[in-house]
Amino acid sequence: MKHLQEYRDGDIADSIARSIHESTTRSWSIMEVCGGQTHSIMRYGIDQLIPKSIQLIHGPGCPVCVTPIETIDRAHAIAQQPKVILCTYGDMLRVPGSRGSLSGLKTQGCDVRTIYSPLQACQIARDNPNRSVVLFAIGFETTAPANAMAIKIAKTEKLKNFSVLVSHVLVPPAIEMIASDPTCRVDAFLAAGHVCAVTGYEAYHRLAETYRIPIVVTGFEPVDLLEGIRLAVLQLEKGQAFVENAYQRTVAAEGNPTAQGVLKEVFQVTDREWRGIGTILSSGYTLSEAFRDFDAEVRFPLEWKPVECTNCRAGDVLRGLLKPNQCAEFGKGCTPDSPLGAPMVSHEGACAAYYQFSQLSPKMNASR
Amino acid sequence: MNENPETASTPDTKSNLDTKSAPDTANTPDTANTPDTARTAGLSSWQCAILFSENERVSMTHGGGGKLSQRLVDEIFFPAMENSILHRKLDAALLDCPNGTIAMTTDSYVVTPRFFPGGNIAKLSVYGTINDLAVSGATPIAISAAWILEEGLLLSELKQLAEEMGAAAREVGVAVVTGDTKVVDRGRGDGCYITTTGIGIVPPGRNIGLNRICAGDAILMSGTIGDHGMAIMAARGGLPISTAIVSDCAPLHELIASLVRAGIRIHAMRDPTRGGISSALNELANAVRLGFVIEESCVPIAPLVRSACEMLGIDPWTVANEGKFLLFVPMAESERALKVLQNHPLGQSAAIVGRVVQDHPGIVVGKTPYGTQRVVVMPTGDSLPRIC
Amino acid sequence: MGLADFGGVVAEVCLEYLPDIHVGDYAIVHVGFAISRIDEDVALRTLAHFRELEILKADVAEQIPSVDGH
Ligand code: SF4
């Protein structure tokens, strides 16, 4: 496909990798913020192409990983209500709450449906007027406009049987939380390209200045990722710290104003808890006043108290403070087959990714 | 209760006592056809099965051909029915008889929609069973067919499916020699499920099996991957996409026979159905305790399938095939085997995709075009669109 | 709504967020929504820039030790 294949070109990747090797004189830790980027890094072995002295830290950018257990439990409670159809993205199915996962609930007869687009949830609501359809709206600023549109449509069409469980999180506050931590090990950030495609990157200038940390807007293909890393390394080596766009074909500085407009209309910014990390101020969306009627949290109460697995160190892993294999449960109580925490669920979750490689070669794992 | 499937056009005469099992079957296409056994086995083997808990239930993932499918077999069915033949984990069981070896296999088909681009459930049920025999080195002789029909299925559709089955059987030169029909209450089935059992003969002297896979073997793939699964996914509706992807549903016995005729020393074969090549390769690597190295750029994928997977965020390596097989031959014969495959219409896009190594036993490693490597994991069994 | 061609796979895509998009444009699509138009000029320039790196590489290739991870 055009605009895709070119960015997977082995020769180009190779030359950028070489250029990184030439430029690197010291050890650097670079955090890729987005789970999609982590996925590409694992998928293509990008970490094996760059100098050993550059460490890639997998950031909190997997919306599934950071959705608080309370919200997951709430989704579970909702799915258990009679007549409810819970619509969710596939990533969420196996994430453990305090009483199992959505895929477990499905086996008990709950109607949980995986969707590709939130508009499918609207359609399900139209097709099933006697059922209550709840969209589990998770994701970053990339997914938020899509979910917002579904909510707008529901309002316009007066889809009374449609509601949303909103757990949207925002990237810049999370970057700030990590950067401002005195124990922060991150030297530079690769900002998530598709998030910036919506939001733009104006908000990052202040962060780069305040925390003296390079932020490079980066795409998802191997060439994009390597270019992001290259630009970050160049800044680091020169002692610079500014916002740079390595994903110019897709991301404009101002982002997508139309999408931002709809986001402002449907959502309002709120403090949000990030699983394992804690509450981050102004780091999430909740429904705005005009759309409150569609809030599933209001329609369905949660009747139990969520309990988090106490041994899971996911929060430390996601902040880059702990390597997954330093967690006591890693590979013992916690494996991809029976994950204790969300980062062990999907292949590119920080813990699962480590787990796969630790199987291949303990040595390789140690060197990462 | 056997009867010829042709009589299936009078289904209401066969309303029966077995209807309760239908919903379970719906969840696990291939393994749950003996639900009572499953229940007792589950309890008795519960102490040793660390991984599943007392109130765990069958999930769709158990039928997805990934890790959970394997666990269902390893932790529930195998312990309950322990025997040396089952233990060999072949696509078809090989039964030694006085005058040679008989191969036997069985498979259930629950695919929706029943008609899809490139095939239908009835055709698939014949080809699938033929393929299981063929990759075990057997020449198919006969198959049986058991139909589970849901009350309300149009007889005209049933007739059409029966005709499709008959035509497919004639095409591959085997007869459907026995059959059975059951009807379940409306809502307890999905229109129609089919279970086919096939037997074949392994000619004397033919020695094909997992035990023959050894370090230094070449791994070939007989054609493009993921066509069937993506065709089904697109045909199923629910996804707002339309594509011209056609299932690769086809009988492999001829293609395999051409390898045999050419004198290729086949070590082993496997048709990567549910769970795709990721699942099949992991299963094999694990069974033989050797490592596999796959050159990713060599794995043939049709551009349309690649695009559809890309768009939906699905790994084509985990998507089902119904007319392809993985072939293990000594490296020295790989080029010749490749030529034979490519000379047959069903093997035109065949490729040498990798090799068997002594290193990392049980682990499948993918070599990327960038010279890096990754671990190809056993899929979890749920090929689902994802957002991140 | 509009139709997007993903290398031969046609998908229904919501174009609400790209009011200026035209037939023949490329876009990033996420969960069924086009969220960003790909700027083809910039894409071409970026690729040209990468090719320069590649030429550079050819010049210095001999002095560079092999890439890690092989
Ligand atoms: S290894 Fe498991 S328990 Fe430990 S931090 Fe990761 S997900 Fe949590």
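Please sort by residue number the GluC sites (Glu not before Pro) in region A:257-321 whose DSSP state is loop and whose Cβ has at most 12 other Cβ atoms within 10 Å. Can you show the working numbers first?
Working: sites: A:E265, A:E273, A:E289, A:E297, A:E303, A:E308; in loops: A:E303, A:E308.
Passing sites in region A:257-321 are A:E303.
Can you list which of the GluC sites (Glu not before Pro) found in region A:67-159 are DSSP loop residues with at most 13 other C-beta atoms within 10 Å?
Numbers: sites: A:E70, A:E141, A:E157; in loops: A:E141, A:E157.
When the GluC sites (Glu not before Pro) of region A:67-159 are filtered for loop state and at most 13 Cβ neighbours within 10 Å, A:E157 remain.
Per Stokes-Einstein, at 4 °C and 1.567 mPa s, what whole-number D in µm² s⁻¹ belongs to region B:210-376, with the Kirkwood radius over Cα pairs as the hydrodynamic radius?
Details: Rh = 16.0 Å.
Once the numbers are plugged in, D ends up at 81 µm²/s.
What angle do you read, to the nearest 10 degrees and between 0 and 90, between the alpha-carbon axis of helix A:171-180 and the longest principal axis of chain A?
For A:171-180 against chain A, the angle is about 50 degrees.
Please list, in chain and number order, the residues 5+ apart from B:Q373 or on another chain whose amide H is under 5 Å from its amide H, with Hs placed from the backbone.
Those lying under 5 Å, H to H, from B:Q373 are B:T368.
Setting aside same-chain residues fewer than 8 positions from A:K52, which lysines have a Cα under 22 Å from its Cα?
Leaving aside lysines fewer than 8 places away in the same chain, those within reach of A:K52 are A:K238, A:K323, A:K363, B:K367, C:K57.
Could you work out the mean projected area of the convex hull around the alpha carbons of the protein assembly as shown, in square nanometres to one decimal?
With every direction weighted equally, the projected area is 34.6 nm².
Only bridges whose two residues both fall in region A:1-308 count here: according to DSSP, what percent of them are antiparallel, nearest 5?
Here the share of antiparallel DSSP bridges comes out near 25 percent.
Suppose R0 equals 25 Å; then what is the FRET efficiency for B:R336 and B:V177 from their Cβ-Cβ distance, rounded to the nearest 0.05?
The pair B:R336/B:V177 has a calculated efficiency of 0.10.
Using only alpha carbon pairs under 8 Å that are at least six residues apart, calculate the relative contact order of region C:2-61 and give it in whole percent.
Averaging sequence separation for qualifying contacts and normalising by length gives 21 percent for region C:2-61.
Anything over 28 Å Cα to Cα? Flag those among B:K89/B:K324; B:K89/B:K123; A:K160/A:K264; A:K106/B:K159, in the order listed.
Among B:K89/B:K324; B:K89/B:K123; A:K160/A:K264; A:K106/B:K159, the Cα-Cα distance tops 28 Å for A:K106/B:K159.
Which three extents, in angstrom, do the Cα atoms of chain A have along their principal axes, listed largest first?
Result, largest extent first: 64, 47, 42 Å.
Does anyone have the angle between helix A:10-23 and the longest principal axis of chain A? Alpha-carbon axes, 0 to 90°, nearest 10?
So the inclination is approximately 60 degrees.
Determine the dipole magnitude for region A:1-308: charges of +1 sit on the beta-carbon of Lys and Arg, -1 on that of Asp and Glu, nothing else is charged, the reference point is the Cα centre, and the result goes in debye to the nearest 20.
Values: 30 positive and 34 negative charges, 182 e Å.
Value, rounded to 20: 880 debye.
Using Cα pairs closer than 8 Å and at least 6 residues apart in sequence, work out the relative contact order for chain A, in percent. Mind dumping the intermediate values first?
Working: 696 pairs, mean separation 75.6, N = 368.
Averaging sequence separation for qualifying contacts and normalising by length gives 21 percent for chain A.
Which is the longest stretch in chain A that no exposed loop site breaks, taking sites as chymotrypsin sites (Phe, Trp or Tyr not before Pro) with a DSSP loop state and at most 14 other Cβ atoms within 10 Å?
A:1-241
Which angle between 0 and 90 degrees, to the nearest 10, do you get for helix A:144-156 versus the longest principal axis of chain A when only C-alpha atoms count?
On a 0 to 90 degree scale, this one is about 20.
If the cut-off is 20 Å between C-alpha atoms, which aspartates and glutamates fall inside it for A:K83, apart from same-chain ones fewer than 8 positions away?
Partners within reach: A:D73, A:D111, A:D127, A:D293, A:D295, A:E297, A:E303.
Report, in deg cm²/dmol and to the nearest 500, the calculated mean residue ellipticity at 222 nm for the protein assembly as shown, where each DSSP H run with n ≥ 4 adds -39500 (n - 2.57) and the sum is divided by the residue count.
Numbers: 29 runs with 281 residues, N = 826.
Calculated mean residue ellipticity at 222 nm is -10000 deg cm²/dmol.
Can you find, among A:I57, A:Q81, A:A197, the residue farthest towards the positive end of the dipole of region A:1-308? Put +1 on the C-beta of Lys and Arg, -1 on that of Asp and Glu.
Value: A:Q81.
In whole Hz and in residue order, list the ³J(HN,Hα) couplings for region B:196-210 that follow from phi through the Karplus curve 6.51 cos²θ - 1.76 cosθ + 1.60, θ = phi - 60°; x for Gly and Pro.
10, 10, x, 10, x, 10, 8, x, x, x, 7, 10, 10, x, 4
Can you give the % of DSSP beta bridges in the protein assembly as shown that are antiparallel, to the nearest 5?
Around 60 percent antiparallel, to the nearest 5.
Only the coordinates and a few stated rules stand behind these numbers; no lab work does. Worth saying up front: this structure is predicted, and the values here are computed from it rather than measured. Glycine also receives a Cβ, built like all others from the backbone with ideal geometry; neighbour counts cover every protein chain displayed.
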